Amino acid sequence: MPKPLDDLFSFLRFASISTDSRHAQDVRDCATWLLAKLNGMGLKAELHETARHPVVVARNSHQPGRKTVLIYGHYDVQPVDPLDLWHSDPFSPEIREGKIWARGATDNKGQMLAHVLGVEKTLREQADLPVNLIFLFEGEEEIGSPNLAPFLQAQRENLRCDVIAVSDTGMVAAGVPTMGYGLRGIACAEVTLRGPKGDLHSGIYGGAVANPATAIARLVASLHDPKGRIQVAGFYDDVRPLETWEREMWQKVPGVTDQDFLNVTGSPSVFGEESFSSAERVWARPTAEVNGIGGGYQGEGSKTVLPAQAFAKFSFRLVPDQDPKDVMEKVRSHFEKNCPAGVSIDIEIGHDGKPYLSDPHSPDGKAAQRALSKAFGREPVLIREGGSIPIIQTFREILHADTLLLGLALPDCQIHAPNENFPVANFEAGILLNQHLLNELAL
């Protein structure tokens, strides 16, 4: 196995699941491995403690007159459940069909390590870098980066930079270099409806008191009209319309037709707001999604119970110029207004993050596109990302720098799901991309 893959496999073997306290030592061990790797390359690397998981920062010897580039990534990963759906051990990486199979292979260990190894290769070949470099790697991205913003505030002078690069997003199709210039924001909530003080016999009490499971279904259904438009009052008030040039450009992007979405998802048909393509809905329109719903008996067969409570978990993807806190106040009002009679409601607001939008035609944006073109051998496409990386907007607000989103993930990479994978070819292209990127940004 070539050494770059040796390094990646070692990195992937750490079960660095940030949300699970049972894996706290695995997260720390992973950070320690990364620290040693960066120091071994000749960079000056440091491990910074936070209230939960550590941040790793590394830099080369900075020289006056050079552009300072910060490269961000995260070494924590999502849980692996359900484990029985994996075709191989999620923390024993394997190569099959030209892909690396492991938790974190794409999100984000494979993508971020490609940048690390690109820097290592340049240092080995040239003994120097064309820019002042800062690596910033955290272990809490998968839990909303709760301690990174305070760290940025405390270290803002040490982290001052001209531009930021991140590979934690996707490509529209295999072999098609893709630069993102926007991210949707996010706001989350959980709603619990409570009825009787305990579960009841559905024959003795059914029809006399409200059923929380029925009530939660009605509340969920109140979010959308039959055509998928969100019914929360004022939800669309601040949505920035798509530019004409964006709609025209996206019509030519390969791999994002309605049929492409169906091929990847396995869904029987597409669905969403009228007058928008599937790509436009994902990249530039807000959503209201139910992430989980439950209540009552979940076991095999029948149990004629009227449940005491039911719940639903929600996430709202937001676009410029929506503000998460404003949106969640509107959502709270909607839930309270539409709560069915006979139950009480408890609304818990979760984590959030602002949307992000940059100018892909800026000098740094054009430099990144040249680097993508050289790494992949064809012109890149420009997209906004449907997902959320809340810390990107925080970077802008604290460090006053824009971010280049240089994704290497494919649509079928199964991030956050069983059988996550990352093509070996994309890992190798990522190493090359880093070398071209630093050279192009230095011009």
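The values are calculated or read from the model by the stated rules, or taken from the named source; none is laboratory data. This is a predicted model, so every value here is computed, not measured. Heads up, the Cβs are rebuilt from the backbone with ideal geometry, glycines too, and the neighbour counts pull from every protein chain shown.
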In the stretch 384-409, what residues are in a loop (DSSP other than H, G, I, E, B) and at pLDDT 95 or above?
-> His400, Ala401, Asp402, Leu408
Can you confirm whether the stretch 149-162 contains a residue that is under 24 Å from Ser18 (Cα atoms), among the small types (Gly, Ala, Ser) and either at pLDDT below 95 or part of a helix (DSSP H, G or I) (or both)?
-> yes
So Asp412, is it of a type in the set (D, E, K, R), assigned by TED's automatic domain parsing to the domain that holds Ile143 and surrounded by fewer than 22 Cβ atoms within 10 Å (Cβ to Cβ) | yes
What is the number of the single condition among (1) touching a helix residue (DSSP H, G or I) at 6+ places or on another chain (Cβ under 6 Å); (2) modelled with pLDDT of 95 or more that Asp352 does not meet?
-> (2)
Does the stretch 124-163 hold any residues that are in contact with a Ser or Thr (Cβ under 7 Å, 6 or more places away or on another chain), under 15 Å from Ala51 (Cα atoms) and not aromatic (Phe, Trp, Tyr), and which are they?
-> Glu138, Gly139, Glu140, Ile143, Asn147, Ala149, Leu152
Test for Ile431: is it part of a loop (DSSP other than H, G, I, E, B) and within 30 Å of Leu5 (Cα to Cα) = no
Quickly run through the stretch 239-257 and pick out the residues that are in contact with a helix residue (DSSP H, G or I) (Cβ under 6 Å, 6 or more places away or on another chain) and outside any loop (DSSP other than H, G, I, E, B).
-> Trp250
Please enumerate the residues belonging to the stretch 258-272 that are more than 23 Å from the chain's Cα centre (by Cα) and assigned to a loop (DSSP other than H, G, I, E, B).
-> Pro268, Ser269
Name the pairs whose Cβ atoms lie under 7 Å apart, with the first residue in the stretch 240-259 and modelled with pLDDT of 95 or more, the second among the β-branched types (Val, Ile, Thr) and in a helix (DSSP H, G or I), and 6 or more positions between them or separate chains?
-> none
Looking at the stretch 220-246, which of the residues that are touching a His at 6+ places or on another chain (Cβ under 9 Å) and surrounded by 14 or more Cβ atoms within 10 Å (Cβ to Cβ) is farthest from Leu357 (Cα to Cα)?
-> Ser222
Would you be able to say whether some residue in the stretch 127-139 is crowded, with 20+ Cβ neighbours inside 10 Å, among the acidic types (Asp, Glu) and in a loop (DSSP other than H, G, I, E, B)?
-> no
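Listed here are the residues, each with its yes/no results for (1) more than 14 Å from Cys188 (Cα to Cα); (2) under 23 Å from the mean Cα position of the chain (by Cα); (3) outside the structural domain of Ala215 (by TED's automatic domain parsing).
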position: Lys330; (1), (2), (3): no, no, no
position: Ser333; (1), (2), (3): yes, no, no
position: Asn338; (1), (2), (3): yes, no, no
position: Ser362; (1), (2), (3): yes, no, yes
position: Gln369; (1), (2), (3): yes, yes, yes
Enumerate the pairs (first residue in the stretch 326-349 and closer than 12 Å to Thr192 by Cα; second residue anywhere and in a helix (DSSP H, G or I) and of a type in the set (A, V, I, L, M, F, W, C)) with beta-carbon separation below 7 Å, excluding pairs fewer than 6 apart on the same chain, so at least 6 apart or on different chains.
-> Phe335/Leu219; Cys339/Leu219; Val343/Ala215; Ile345/Phe335; Ile347/Phe335; Ile349/Met328
Among Ala15, Ala58, which is the only one that is modelled with pLDDT of 95 or more and not in a loop (DSSP other than H, G, I, E, B)?
-> Ala58
Test each condition in (1) touching an Asp or Glu at 6+ places or on another chain (Cβ under 8 Å); (2) under 23 Å from Tyr356 (Cα atoms) for Leu152 and report the one that comes out false.
-> (1)
Among the residues of the stretch 109-132, count how many are under 11 Å from Leu8 (Cα atoms) and not small (Gly, Ala, Ser).
-> 6
Is there a residue in the stretch 216-238 that is more than 26 Å from the chain's Cα centre (by Cα), aliphatic (A, V, I, L, M), under 21 Å from Gly350 (Cα atoms) and in a loop (DSSP other than H, G, I, E, B)?
-> yes
Determine if the stretch 80-92 includes at least one residue that is in contact with a Leu (Cβ under 8 Å, 6 or more places away or on another chain), of a type in the set (D, E, K, R) and modelled with pLDDT of 95 or more.
-> no
